[in-house]
Amino acid sequence: MKALILVGGYGTRLRPLTLTRPKPLIEFANKPMLMHQIEALVDAGVRHIILAVSYNAEMLMKELKAEEERLSIKITMSHEKDPLGTAGPLALAKEVLCQDEEPFFVLNSDVICDFPFKSMIAFHRNHGKEGTIVVTKVSEPSKYGVVVYSPENGQIDRFVEKPQEYVGNKINAGMYIFNPSILSRIQLRPTSIEKEVFPAMASSGNLYAMELSGFWMDVGQPKDFLTGMCLYLNDVKHKTPERLYKGEAAVGNVLVDPSVRIGSNCRIGPDVTIGPDVVIEDGACIKRCTILRGSVIKSHAWLNSCIIGWRCRVGQWARMENVTVLGEDVIVKDELYINGGSVLPHKEISESVQDPRIIM
Amino acid sequence: MLKTVILIGGPSKGTRFRPLSLDMPKPLFPIAGFPMIYHHIEAASKIANMKEIILIGSYQPSKELTGFISSMQQDFKVIVRYLQEYTTTLGTAGGMYHFRDQILSGDPDLFFVMNADVCGDFPLQDMLNFHRSIGNTPHFTILATEATRQQSINYGCIVENKDTHQVTHYVEKPSTFVSTLISCGIYVFSPEIFEYIGIAFKRLQEDITFDVDATLQNRAVIRMEQDIFARELMGSGLLYVYQTSKFWSQVKSAGAAVYANRHYLNIYHRTHPEWLSKNDKDKPNVIGDVYIHPTAIVHPTATLGPNVTISKNVQIGAGVRIRESIILQGAVIQDHCCILYSIVGWTSFVGEWTRIEGTPNDPNPNKPFAKLDIADLFQPDGRLSPSITVIGSNVHIPPEIIVLNSIVLPDKDLERSYKNQIIL
């Protein structure tokens, strides 16, 4: 089977992290975001992954070479030189996608969840129609596109983008299976799949909704990245609790790479992921954070709801909170207070940031 | 023989020093480990033939005050007395005039007058030498220092005859610029000062017989600066000025206390080097000038300074960082805290990993002679001006929060972080 992952462009919503590393490679829970999806797809029988990118993704391709070999799969790029919207990339990859009669997956690259790819295949075969969309329940549906469908068989009635009145609480979770015949509906021009393709499929009874059970998050921006991390860790606790860190400093769900060094009298967690080669010095308190490879958190620092980029140094007694994001190689000097700061790479911060802002 | 009068004011004065002055008379507030007026008394007692120090104010006698006075007598071997004004305000000169018999008992040749709410490296001996060099006839000397043009109008401004050092003009808090030379609130008087105060007193009595609105209290208010220097003694040729460039500052707000703390600690290098903490095995890490009371318990992994005072019976936990702050008696600071530019009140409790931070209002370093800004409490848009964070007495602060640029009144139990607020 094949899968098309809509990687898109520069990932500007996840800046400053995406200024030095392509978004699909940013480590979520200590594994590149893309690999969460790819490994689940491979597990469901996918052998060819096409990445729809809208920029020159040579760096991305180089890093994925090793994964290609490890998983014995094929990863290719589909490079859109002009913007093609949400449906256009499918048309661009038409040749590959139509190589056989098999249905193929399409995924939004920012989605993290308990991937239901096997169930999707079964559900899609069962109804036998052209398309399946995974939907998920959310508490504030008006922020998204709501899917209205029949609860008996999942046949989709209509889509309502950002409804002003309550029409339902299931939204498009960004994961689909399509039959190759869908490509006859899509031309090679900027096309919106939600506005142009899906309504036509729905009115001819060709689009079905499968409900996702378990957690779901679009982790394309820092606030949601951290929320998604908490949901993911909670899922790990229920499914594979042996992966969680059980050291003296641990509180709640914590994922720590084996190469990490943690000092004495620290408090790590709840909801923390720490990447390889990180050093946490004595007396540090870290809650609801992602700490990426090679960073150093110096003694007595207090971090809450932060994303610390690669190779950063956070000074002694620093206090950072409120979705502070440090890009690669940022130095925060001792005793500073950073409240919601978004810090660009290679910057040295020597003054506190009391109110949320971007530091260039 | 000589005497010193220290005007210590009363509870209705010095309200800018709240909440610290809610629990303790401001003159007794510790700076660099010792009460504000301890430094005045120490300086005065060093003058040869200083026989008596008289405190005049309107505070009710309390355990703290009487205890302080007796320990001062013991430490400095000089008589110390407190004379309480019973009417609320007699003015800076009125109070002294009321007690003139006591001040003049024993026939002192001269006496110093010091305002309690100033602090500095008081050059009393030099000032006395200058005063005596003028001659034996009655005259009076004001200690003065240089200020910036803009800030001078907040003080008593002095115009000086550069040759004779006489004061040719004095005006208190003018609305337009007069002179950059300002009064330090420290004077040397010969006993004849009371004649001039007496003249002002009589004039006041005569004036008010025609003024039906004058309240009983206003009748005896004589202010040294406005009524004596600027009126009675103006043009008399009897008022002299002695200028100093040593450290001097008013202490009106908590921010000023932290500023004074820094300077007094610095002066200890010369006067009491043994009081300043040194780095040692099993001792906390000390940077710059730090005073730690011998009864304080400080974890060796704490890092203190520069410019930190730790008072009696304070407990400081592991990995604590304190900089430019005063921690008052009995406070408990738990592990990993970070305290910057703050005053933590008596017996307060600060939980683990909490950050307490203020903003200094130091004088502009680019302007010579710049003084502390007497900033308004609120900005024009209604927000609290960033200033030294003050935690009142007996406040409980939970772990892991931040208290930034805020003032917390005594006995408060905080439950969350606060920024730029007064917490009642």
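For the protein assembly as shown, DSSP calls about 25 percent of its internal beta bridges antiparallel. Using the Cβ-Cβ distance between A:LYS223 and B:ALA375 with R0 set to 41 Å, the FRET efficiency works out to roughly 0.65. Within the straight-line cut-off of under 23 Å between alpha carbons, the lysines reachable from A:LYS287 are A:LYS31, A:LYS223, A:LYS237, A:LYS239, A:LYS246, A:LYS298, A:LYS333, B:LYS419, sequence neighbours fewer than 8 places apart in one chain being disregarded.
Note on A:ARG13 and A:LYS74: the model spin-label points, each 7 Å out from Cα along the C-beta direction, lie 3.2 nm apart.
The Cα center of region B:264-303 and the Cα center of region A:293-360 differ in position by 31 Å. Working note: Cα gyration tensor of region A:34-190, eigenvalues times five, square-rooted, sorted largest first, giving semi-axes of 27, 18, 17 Å.
In summary, the convex hull built on the alpha carbon positions of region B:39-144 has an orientation-averaged projected area of 7.3 nm². Hydrodynamic estimate: the Kirkwood radius of region A:203-319 over Cα pairs, inserted into Stokes-Einstein at 25 °C and 0.890 mPa s, corresponds to D of 163 µm²/s. Taken over the alpha carbons of region B:89-183 as equal point scatterers, the Debye sum produces base-10 log I(q)/I(0) values at 0.15, 0.16, 0.18 Å⁻¹ of -0.76, -0.86, -1.06. Other residues lying with their Cβ under 10 Å from the Cβ of B:LEU2 contribute a combined charge of 0, Lys and Arg counting +1, Asp and Glu -1. Angle check, please: helix A:117-127 long axis (alpha carbons) against the longest principal axis of chain A (alpha carbons), in degrees 0 to 90, nearest 10. Between the helix axis and the principal axis of chain A, the angle is about 20 degrees. Between the Cα long axis of helix B:254-271 and the first principal axis of chain B there is an angle of about 80°, rounded to the nearest 10. All other residues whose Cβ lies under 15 angstrom from that of A:SER352 are scored, Lys and Arg at +1 and Asp and Glu at -1, for a net of 0.
Would any residue of region B:178-194 have its amide N under 17 Å from a label point 7 Å out along Cα→Cβ of B:ASP126? List them or say none. Inside the label zone: B:181-188. The Rg/Rh ratio for region B:1-87 is 0.96, where Rg is the radius of gyration of the alpha carbons and Rh is the Kirkwood radius. Rg and Dmax over the alpha-carbon atoms of chain A stand at 21.4, 64 Å. For region A:251-360, the direction-averaged projected area of the alpha-carbon convex hull comes to 5.3 nm². Take the Cα coordinates of region B:261-335, assign each an equal point scatterer, and use the Debye formula without solvent to give log10 I(q)/I(0) at q = 0.12, 0.13 Å⁻¹. Log10 I(q)/I(0), no solvent term: -0.27, -0.31. Separation of region A:205-256 from region B:22-90 is 65 Å, based on Cα centroids. Remark: spin-label model distance B:ARG383-B:ASN154 equals 2.1 nm, labels positioned 7 Å along the Cα→Cβ axis. Counting only Cα atoms, region B:202-334 measures 72, 34, 20 Å along its principal axes, largest extent leading. Per-residue ellipticity at 222 nm, computed for chain B from helices alone with -39500 (n - 2.57) per DSSP H run of at least four residues, works out to -6000 deg cm²/dmol. Its Cα centre serving as origin, the protein assembly as shown has a Cβ charge dipole (Lys and Arg +1, Asp and Glu -1) of approximately 600 debye. The DSSP beta bridges internal to chain B are antiparallel in roughly 30% of cases. Find the centroid of the Cα atoms in region A:166-191 and in region A:77-93, then give the distance between the two in whole Å. So the separation of the two Cα centres works out to 14 Å. When a/c reaches 1.5 or more, the comparison of a/b and b/c decides; with that in mind, is region A:99-168 rounded, prolate or oblate per its Cα gyration tensor? Because a/c hits 1.5 or more and a/b exceeds b/c, region A:99-168 counts as prolate.
For chain A, DSSP calls about 25 percent of its internal beta bridges antiparallel. Please name which of B:ALA147, B:GLY106, B:PHE130 has its Cα lying farthest along the dipole of region B:96-163 towards the positive end, using unit charges on Cβ (Lys, Arg +1; Asp, Glu -1) and the Cα centre as origin. Value computed over the given set: B:ALA147. Solvent exposure of B:ASP109, expressed as accessible area, is near 90 Å², computed with a probe of 1.4 Å over the protein chains only. Among the trypsin sites (Lys or Arg not before Pro) in region B:353-397, those located in a DSSP loop and surrounded by at most 15 other Cβ atoms within 10 Å of their own Cβ are B:ARG383.
Compute the FRET efficiency between A:GLU152 and A:ARG47 as 1/(1 + (r/R0)^6), taking r as their Cβ-Cβ distance and R0 = 41 Å, and round to the nearest 0.05. For R0 = 41 Å, the calculated efficiency reads 0.75. The listed residues A:HIS79, A:HIS127, once ranked by accessible area (1.4 Å probe) with the largest placed first, stand as A:HIS79, A:HIS127. Modelled spin-label separation between A:LYS65 and B:ARG81, with each label point placed 7 Å from Cα along the Cα-to-Cβ direction: 9.7 nm.
State the percent of C-alpha pairs, over all pairs in the protein assembly as shown, separated by a distance greater than 50 angstrom. That fraction is 39 percent. Against chain A, whose longest principal axis comes from its Cα atoms, helix A:58-71 is set at around 80 degrees.
Quick check on region A:78-120: take the gyration tensor over C-alpha atoms, sort the square-rooted eigenvalues as a ≥ b ≥ c, and tell me if it's rounded (a/c under 1.5), prolate or oblate. Oblate is the answer for region A:78-120, as a/c is 1.5 or above yet b/c matches or exceeds a/b. Counting lysine pairs in region B:216-358 that sit 8 or more residues apart in sequence, or on different chains, and whose Cα atoms lie under 30 Å apart gives 6.
Computed over the Cα atoms of region A:1-46, the ratio of the radius of gyration to the Kirkwood radius (Rg/Rh) comes to 1.03.
Hydrodynamic estimate: the Kirkwood radius of region B:297-399 over Cα pairs, inserted into Stokes-Einstein at 4 °C and 1.567 mPa s, corresponds to D of 90 µm²/s. Which of rounded, prolate, oblate describes chain B, given a ≥ b ≥ c as roots of the alpha-carbon gyration tensor eigenvalues and a/c under 1.5 marking rounded, otherwise prolate only if a/b is larger than b/c? Cα axes put chain B in the prolate bin.
The values are calculated or read from the model by the stated rules, or taken from the named source; none is laboratory data. Everything quoted here is computed from the prediction, not taken from an experiment. All Cβ positions, glycine included, derive from the backbone under ideal geometry; neighbour counts span all protein chains shown. Just the protein is used for accessible areas: all its heavy atoms, side chains included, with ligands, DNA and RNA removed. Shrake-Rupley method; radii C 1.70, N 1.55, O 1.52, S 1.80 Å.
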